[in-house]
Amino acid sequence: MQAFSKLTTLSFVCVISFLLTGCHFFESTKVSSQEIETASKWSSNDIGPSFDACDNLEGEGLSNCFEDIISSTLIKYFTSSILESNSSIEEELTLVIKIDQEGNISFGDLDFSNNLIDAIPDIENIFSEAIYQLPQAKPAIKSNVGAFVATQFQLPVIISAQQPN
């Protein structure tokens, strides 16, 4: 029984010693919001989203290929669709396109005036359907963490519509 008591006491001393000396393993380090913001900013080492057709390109060529595929796909959709306007209008709008961590492309937002919605009431659905025509993308990669990240970008679009005769 005395051996058991000594073993218990020794175990108790070991546990207390571990807790007192091992507490630094449980300390958390606080990262400032400025450090987080700096690490989150896009750098030249990061890789933007792309498409399979752009696989053999790097840097600016990759970026240009990505932009060309988006532009040509949207132009093809708009030229093959019959779009009607209630009045003549010429306006520049901003289309926000989102790409998630899996490379899924979605309609983010559309910044336009009331004049445009009056001329083309279904404008948001039209752009949403146009974005649906884009191929599956490869997501962006944030190099300092080596992870896929969600991105979004703004695409300026000029709408020029004539009143139907």
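A few comments on the model shown:
- Sorting 81-90, 132-141, 145-154 by average packing, meaning the other beta carbons within 10 Å per residue, from highest down gives 132-141, 145-154, 81-90.
- Listed by chain and number, the lysines placed with their C-alpha closer than 25 angstrom to that of LYS30 are LYS41, LYS142; residues fewer than eight positions away on the same chain are left out.
- Inter-label distance, nm, simple model (7 Å from Cα along the C-beta direction), THR73/GLN133: 1.1
No lab work stands behind these numbers, since they all come straight from the coordinates. Keep in mind the model is a prediction, meaning the values are calculated, not measured. Heads up, the Cβs are rebuilt from the backbone with ideal geometry, glycines too, and the neighbour counts pull from every protein chain shown.
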